[in-house]
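The values are calculated or read from the model by the stated rules, or taken from the named source; none is laboratory data. Bear in mind the structure is a predicted one, so any value in this text is a computation, not a measurement. Here the Cβ positions follow ideal geometry from the backbone for every residue, glycine too, while neighbour counts run over all protein chains shown.
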Amino acid sequence: MTRHSSFARELDRHWLRWLLLAWVVLAAWFLWQRWNAVHWLALSDTDDNMRLMQVRAWLGGQGWYDLRQYRLNPPGGLDIHWSRLVDLPIAGLILLFKPFAGPVWAERLAVGIAPLLPMGVALIALSVTVRRLVSPVAWPLAVLFLLGCSSTLLMFMPERIDHHGWQLACLAWTVAGIADHRQARGGMVVGLSSALSLTIGLELLPYCAMAGAIVALRWVWDRAEARRLTVYGATLAGASTIGFVAFASNANYAMRCDALTPVWLSAVVAGGALLVLIARIGPQAWGARLALTLVAGAVLAGAFATLFPQCLARPEGVSEELARTWLNNVREAKPLYTMPGRTILLIVTGPIIGLLGAIFATWRARRSADFVGWAVVTLFTTFAVAMLFWQIRSGPAAQLLAIPGTVALAWMLVPWLLSRRHAAVRVLGTAGVISLLLLGNLFVDQVGKLLSMLPDSGLTKHVRIKPQDARTKQILRAGARCASLPALQALNRLPRAVMFTHVDLGPRLIVATHHDGITGPYHRNGDAILDVHHAFQGDPDNFRTIARRHGATYLLTCPNMAETTVYRARSPGGFYDQLAHNKMPGWLSPVPLPKGSPLRLWRIDYSGMAGSSANR
């Protein structure tokens, strides 16, 4: 046996062992690379900070089904629409490390390690897909090309403890399931991964719906696929119900449209039941199966529109004013065609490469048993590319779904190049192909890298990012310095109080200090967000009225933070603009902070106001 065949046999037989070793090495590398962020608890955005506060509250005794954040907008708190599912690994790691590292370092290690767990889950799923469709020994290329998916990889980095990494891991398993030739196993995997993703959040709802449509189309194409469709429908309905019962918050029992509430649960359960029913009917003619599938879809859509018309509009259910001043301006929710041409090229390069590879692989497999597997992967990849034309935040999913096609392209081109006569063609050609496929993905999300430096929700998304613009660099530095642990922890020398501060600074404030804030960028709390908008953009008396209503004792600002530039641009001469020009009303008293602090702090005096005595 040659050395090459022995190596290939080892990669095939013990692939999971070697993959896990690769994951451990990568995890250690990323932890070392980002150790400074771990040391300073430099959570990357508002959602990561809020996720940590959610875990802290639970470990501190808050109820499993109570996900309100009482440190913002006290005493009533803010309604957070997430589930507890993603809290589990973070809390488990904290409890694991606490006896050895103490509470502070247990938390820092947990938020550093937790995002790497879904990366390992995603790597296993991608490798399973590649082993099934490309070659049993092609899985190392899946690992390599994931490292080139900068947008996707950011969701798995230390400190990125929000739920996107786990949803991407679910998506990777969805792909593995729809490509599985074993019907019952494939249907169960797709159903479970979709149910878990929906339990976590609705961000990937369109992908879950597309996966279900693909499973149904496989049955339309081949009546023998009835078992896959039956298992998928039953698993999706059952697992979603269990996920709702086990993880939905008390607030998510309302008829809301932004989470797995009774609205979407009923739609998922009904959809799963309809798929089981049509699979059982199973007419012989493919045209009849297609018609039956379309009728079932029309019945489900019609019932949903009739019973839940409020969910036919945007799912957040915010007021027109909040949509106009905030949600409609979120950069990541903009479609691809609204971006500059250079940005479009950067975003679509990697997914297009993967799509072309999947199309080519489907064509090559047209007479083999792998044809259907590649066809459904190509369909899913096409859908992911199309989603970019809806919202550019679909970039991480599009990159992830492009990996099987990219691996297939490399697996076809490299052997062909290695068979060439000239050594230069063999060496340079192979290196060039691998580099092109890898760098194509790296180029995709250079914009995403810059966006990741800002909170992924909130007013900062109004700012147009120009990497070489000095003003933009000043904004980025200001936001980073104000959110730093040393800057905020200096506030702990003051007795606990409610601090009126920016929307995007609120979650970080409650993580780093013992003080309470007003709000964060969470759409269910539109009144509190608008209060902050109105307070900073109105006149000084209006600010004091709103601040008193929220029980705020201090005003905390971060000059030149992205959010503050929005206030100044929208309301010249407004309260925040006056602060920026050092025009302070007499009822604000500056509070000294350590030398070099990027923050500014004032005590608010309410004496003299109607219906008020002293500070409250």
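May I ask you to list the residues in segment 218-253 that are of a type in the set (S, T, N, Q) and closer than 13 Å to A195 by Cα?
T235, S240, T241
With a cut-off of at least 3 residues that are out of contact with any Asp or Glu (no Cβ under 9 Å at 6 or more places or on another chain) and under 23 Å from A251 (Cα atoms), name the helices (runs of 4 or more DSSP H) lying wholly within segment 505-565.
By residue number, 526-537.
Those residues that are hydroxyl-bearing (S, T, Y), outside any loop (DSSP other than H, G, I, E, B) and within 34 Å of the chain's Cα centre (by Cα), I need them from segment 566-604; list them, please.
Y567, Y576
Here are some residues: T230, T306, T241, T293. Which one is within 29 Å of the chain's Cα centre (by Cα) and of a type outside the set (D, E)?
Residue meeting the stated conditions: T241.
Determine which single condition E563 fails, assuming it passes every other condition in (1) at pLDDT below 95; (2) surrounded by fewer than 20 Cβ atoms within 10 Å (Cβ to Cβ); (3) charged (D, E, K, R).
E563 satisfies all of (1) at pLDDT below 95; (2) surrounded by fewer than 20 Cβ atoms within 10 Å (Cβ to Cβ); (3) charged (D, E, K, R) except (2).
Does A375 satisfy the criteria of being assigned to a helix (DSSP H, G or I) and in contact (Cβ under 8 Å) with a residue 12 or more places away in the chain?
yes
So, of the residues in segment 571-602 that are surrounded by fewer than 16 Cβ atoms within 10 Å (Cβ to Cβ) and among the charged types (D, E, K, R), which turns out to be farthest from G479 (Cα to Cα)?
The selected residue is K583.
Identify the residue in segment 215-236 that is among the hydrophobic types (A, V, I, L, M, F, W, C) and surrounded by 22 or more Cβ atoms within 10 Å (Cβ to Cβ) and, among all such residues, is farthest from R289 (Cα to Cα).
Here the residue is L236.
Please enumerate the residues belonging to segment 61-99 that are charged (D, E, K, R), over 18 Å from G520 (Cβ atoms) and in a helix (DSSP H, G or I).
Result: K98, single match.
Among helices (runs of 4 or more DSSP H) lying entirely in segment 101-202, which contain 3 or more residues that are closer than 16 Å to V377 by Cβ and either more than 24 Å from the chain's Cα centre (by Cα) or of a type in the set (K, R) (or both)?
So the answer is 116-133.
Is it true that some residue in segment 2-25 is within 15 Å of G112 (Cβ to Cβ) and small (G, A, S)?
The answer is no; no qualifying residue exists.
What are the pairs with Cβ atoms under 6 angstrom where one residue, in segment 179-201, is in contact (Cβ under 8 Å) with a residue 24 or more places away in the chain and the other, located anywhere, is surrounded by fewer than 21 Cβ atoms within 10 Å (Cβ to Cβ) and among the β-branched types (V, I, T)? Sequence gap at least six, or different chains.
none
Which residues, counting only those in segment 245-277, are surrounded by fewer than 19 Cβ atoms within 10 Å (Cβ to Cβ) and not in a helix (DSSP H, G or I)?
Passing the criteria: A254, M255, C257.
May I ask you to verify whether G526 is surrounded by fewer than 19 Cβ atoms within 10 Å (Cβ to Cβ) and touching a residue at least 12 places away in the same chain (Cβ under 8 Å)?
No, not satisfied.
If I filter segment 1-40 down to residues being surrounded by 12 or more Cβ atoms within 10 Å (Cβ to Cβ) and among the small types (G, A, S), which single residue comes out as nearest to A483 (Cα to Cα)?
A37
Table: residues versus (1) modelled with pLDDT of 90 or more; (2) touching a strand residue (DSSP E or B) at 6+ places or on another chain (Cβ under 9 Å); (3) not assigned by TED's automatic domain parsing to the domain that holds G586.
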{"site": "L450", "(1), (2), (3)": "no, no, yes"}
{"site": "K461", "(1), (2), (3)": "no, no, yes"}
{"site": "A480", "(1), (2), (3)": "no, no, no"}
{"site": "A487", "(1), (2), (3)": "yes, no, no"}
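With G608, G573, G586 as the choices, which residue is at positive phi and either at pLDDT 90 or above or of a type in the set (A, V, I, L, M, F, W, C) (or both)?
G573
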